[in-house]
Each structure stands twice: as structure tokens, then as C-alpha cells.
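Note sheet for the following structure.
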Amino acid sequence: MVINNFSSLKDVMRSARCDAILITCIENIRYLTGFTGSSGVLLITDNGGIFFTDSRYTEQAGKEVKGKVKIREYKKQVPELSAAVIGARLKKVGFEDSDLTFQVYQALKKELKGVKLAPLKDRLTLLRGVKSKGELRLISGAVDIAYKAFEKLLPSVKPGKREDDLAVELEYLMRKGGAEGLSFDVIVASGGRSALPHGRAGDRLLKMGDPVVIDFGARYKGYHSDETITLFIGKASERLARIYHTVKEAHDRAIDVVRPGVRFSDIDKAARWFIKKAGYGDYFGHGTGHGVGLNVHEGPSISPNSKGVAEEGMVFTIEPGIYIPKAGGVRIEDMVVVTKNGCRVLTRIPKEMTII
Ligand code: ZN
Ligand code: ZN
């Protein structure tokens, strides 16, 4: 965090052949400067950074923004930003094409005649892949809040309970336990609805024999957790028990191959191959995992088409699932951090098959 990775920003500039970069993604701004507000733009040149924000955030920026960054308050974002770019005689400015809106892009283009705007693709986001010790502490903080909340929720997971009520209770327990927010709306999908990979909690009542997929996460000081548990109410059919054991084995196998240097696509393959071999290949439609940090879904992605390899300090999920339409689904999700020789599971709820 904070602009001590200024040298890596220079690498980004060099590889994109730009003499400046314009950072608009608020999580990237937080990562690079420490600013926790929700509005601002960061312009990085060879000489340091200028953080532009409006009057609501000037004072906060003054307290939070660290490193070689000047703070400037603007009234009209685009004209004042453009004036700074022209004043610094910049020729080519890299921008975050996955974040900058088309509207702002067009306005900038109009103002910045003679300046080239170049898409940075995922160059900046990749900087955030490897987590520092400080970031790992915050991620563990989020994981802990979610874990404790889930433990408290468990006695309420029983027949007759509404999915919606469980989701609200879990949200309350996480907030009460110190979460500043949620990673996303809590997913509680029971019975046949568990076959919807991202089924939102609804008004269905839990019944005996139901699988219940609960996917949730807490946000703590900007960082997220993400974990999925599949429980069974009272009993599990033979078919669903077999599916559970298949997903669990796929999950374990993927975790087993995680170490520095392993290709993301090979982590995915470890889980996918096992599910396919068990005959469920057509029922595992999503990737095996994703990075977690200042965003709950960020790079790297762990899927068949992923490029790149794991590095020590990266944090991502391993979350295979099998979803049989109408019959039900199972997903098991843990977060891991890549260590020197392998990985460590960060999430704390045991993933053995549980019938409650
Ligand atoms: Zn999840
Ligand atoms: Zn996830």
C-alpha cells in the first residue's frame, strides 16, 4: 500500500510507452495512496503524483494520502485535469480502460488535443496481485469476522427457516462483529435453488434433506473475504452426498497444486479434471477461483484460459461447484495465500460434509 511501489508504476509507464498514467479506479487509488474516500483521480508522472479530488474530500485526502503525491482540489474535473496534463507537456497518457467511462474518455479527448490516450489493459490491477504482510492482516481480519458470524448463525439453520432471514441474520452478525460492509449480498440458496450458482436468498423455507449453499464475505478496512459452505438439513440423498464428495475432492486437489510457479490454468485443471472424470463436467460452468483483496473479485482469475502463474503472497479463492438443474448444487469455497512452498488456507470454517 502507499506509493512505495512507485518504481512498479514506472515499469507500467515504460511497458505501455506512456509518460504519465491516469488512475481512476478508486481501489487502485486507495492501494497506491492510502485514500479511502470514494471520488478522485490520480495522475502519475515521472516526477510523482497529483491527486485530484473535490471539496468533499480535500481534508480527508490531506490526512490519508501518503507518498510523493500532491493534492489538488477541483471544481470541474475534466478541464482542470486536462490543464494539468497540458501544463506538464505530457504526450501520451495511459488510462484504465476497464474503469474510465466512455463519457469522460470522450470529454478528455476533446480537451487533450495532441495528447495520446492509451489503454493500460490490466497492467495496474496486476500490481495488486501479490499482497503485503499488512494487506494479509486485513484480509485475515475480514475472514475472522465472517467465520465468527457464521458460527453464531449455525444454530438458526434448520427446517422452516427462510433463506432471506438467514441472509439478513448473517449480515447483521458480520456488521456487529466489525465488518464495515459486506463483500456482496449474502447468498443463501436451498433445495433445488442451490443449483443456481449465484442464487440470491429468497423466501423459500428450508426443508429436511435440503442442500443449502451459503456464500458470504465481510469487508474490513477495505479488504474482503469470500467463502462458501454447503450444508445439508437433516439428511443428504445419496446422489447429493456423492456430488459433495466429488466437489470436496476437486477443491482439495486444486489446493494441493498451489505453489509459486504453478500456472493458474493448471490449478483450474486439477479441480475440473476430477469433476469431469466423475461425470459432472457439464455441471461445473464457472472458473475455479479469483483473486480477493480491495475488490472481492479481482485478478488473478483461476480458469481454463487464465494466463500467468502463482506467486508467493497472492490470495485467491478455490471454489469448484456442481449444479444439477432442479436437483440441487454444491459449492465449496476457501481462500488461500500462496506461500514459499505451497499455500495456506485462510478461511477457517471446516469443509467436511456437514449434516445439521
Ligand atoms: Zn463466494
Ligand atoms: Zn468467490
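The values are calculated or read from the model by the stated rules, or taken from the named source; none is laboratory data. Just so you know, these numbers come straight off a predicted model, no measurement behind them. Note: ideal-geometry Cβ built from the backbone for every residue, glycine included; neighbour counts use all protein chains shown. These accessible areas exclude ligands, DNA and RNA; they are computed on the full protein's heavy atoms, side chains included. Shrake-Rupley method; radii C 1.70, N 1.55, O 1.52, S 1.80 Å.
A few remarks follow.
- Scan of the stretch 253-269 for residues that are in a helix (DSSP H, G or I) and basic (Lys, Arg), ordered by number: ARG253, LYS269
- THR288 vs. criteria among the polar types (S, T, N, Q), at pLDDT 95 or above, open to solvent by less than 10 Å² (accessible area, probe 1.4 Å) and touching a His at 6+ places or on another chain (Cβ under 8 Å): no
- Top-ranked residue in the stretch 328-342 [being away from ligand 2 (no atom under 16 Å from the Cβ) and crowded, with 17+ Cβ neighbours inside 10 Å; ranked as farthest from VAL213 (Cα to Cα)]: VAL338
- Taken over the stretch 95-142, the criterion of being in contact (Cβ under 8 Å) with a residue 24 or more places away in the chain, within 24 Å of SER39 (Cα to Cα) and more than 24 Å from the chain's Cα centre (by Cα) is satisfied by VAL104, ALA107, LEU108, GLU111, LEU112, LEU117, ALA118.
- For ALA250: the one exception among (1) assigned to a helix (DSSP H, G or I); (2) within 20 Å of the chain's Cα centre (by Cα); (3) touching a residue at least 60 places away in the same chain (Cβ under 8 Å): (2)
- Listed by first and then second residue, the pairs linking a residue in the stretch 59-77 that is farther than 17 Å from THR36 by Cβ to a residue that is charged (D, E, K, R) and outside any loop (DSSP other than H, G, I, E, B), with Cβ atoms under 8 Å apart and 6 or more places separating them unless they lie on different chains, are ARG72/GLU80; TYR74/GLU80.
- Scan of the stretch 6-65 for residues that are over 24 Å from ARG219 (Cα atoms), open to solvent by 20 Å² or more (accessible area, probe 1.4 Å) and part of a loop (DSSP other than H, G, I, E, B), ordered by number: ARG17, ASP19, ASP46, ASN47, ASP54, SER55
- Those residues of the stretch 194-205 which are touching a residue at least 40 places away in the same chain (Cβ under 8 Å) and either touching a Pro at 6+ places or on another chain (Cβ under 6 Å) or away from ligand 1 (no atom under 16 Å from the Cβ) (or both), in sequence order: SER194, ALA195, ASP203, ARG204, LEU205
- ALA278 vs. criteria open to solvent by 10 Å² or more (accessible area, probe 1.4 Å), aliphatic (A, V, I, L, M), without any contact (Cβ under 8 Å) to a residue 60 or more places away in the chain and away from ligand 2 (no atom under 16 Å from the Cβ): yes
- In the stretch 118-145, residue modelled with the lowest pLDDT [restricted to those that are touching a helix residue (DSSP H, G or I) at 6+ places or on another chain (Cβ under 6 Å) and within 21 Å of LEU182 (Cβ to Cβ)]: ARG128
- Output for the stretch 145-163, where each listed residue is part of a helix (DSSP H, G or I) and open to solvent by 50 Å² or more (accessible area, probe 1.4 Å): LYS148, GLU151, LYS152, LEU154, PRO155
- In the stretch 130-144, the residues that are open to solvent by less than 40 Å² (accessible area, probe 1.4 Å) and of a type in the set (A, V, I, L, M, F, W, C): LEU136, LEU138, ILE139, ALA142, VAL143
- Positions within the stretch 111-125 being surrounded by fewer than 17 Cβ atoms within 10 Å (Cβ to Cβ) and not charged (D, E, K, R), in sequence order: GLY114, ALA118, PRO119
Matching residues to (1) among the hydroxyl-bearing types (Ser, Thr, Tyr); (2) within 15 Å of ligand 1 (Cβ to nearest atom); (3) open to solvent by 60 Å² or more (accessible area, probe 1.4 Å):
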residue: LEU173; (1), (2), (3): no, no, no
residue: GLY181; (1), (2), (3): no, no, no
residue: ASP185; (1), (2), (3): no, yes, yes
residue: LYS207; (1), (2), (3): no, no, yes
residue: TYR220; (1), (2), (3): yes, no, yes
residue: ASP226; (1), (2), (3): no, yes, no
residue: ALA236; (1), (2), (3): no, no, no
residue: ALA241; (1), (2), (3): no, no, no
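- Residues in the stretch 291-325 that are open to solvent by 40 Å² or more (accessible area, probe 1.4 Å) and part of a strand (DSSP E or B) were compared, and the one that is nearest to ligand 2 (Cβ to nearest atom) is SER301.
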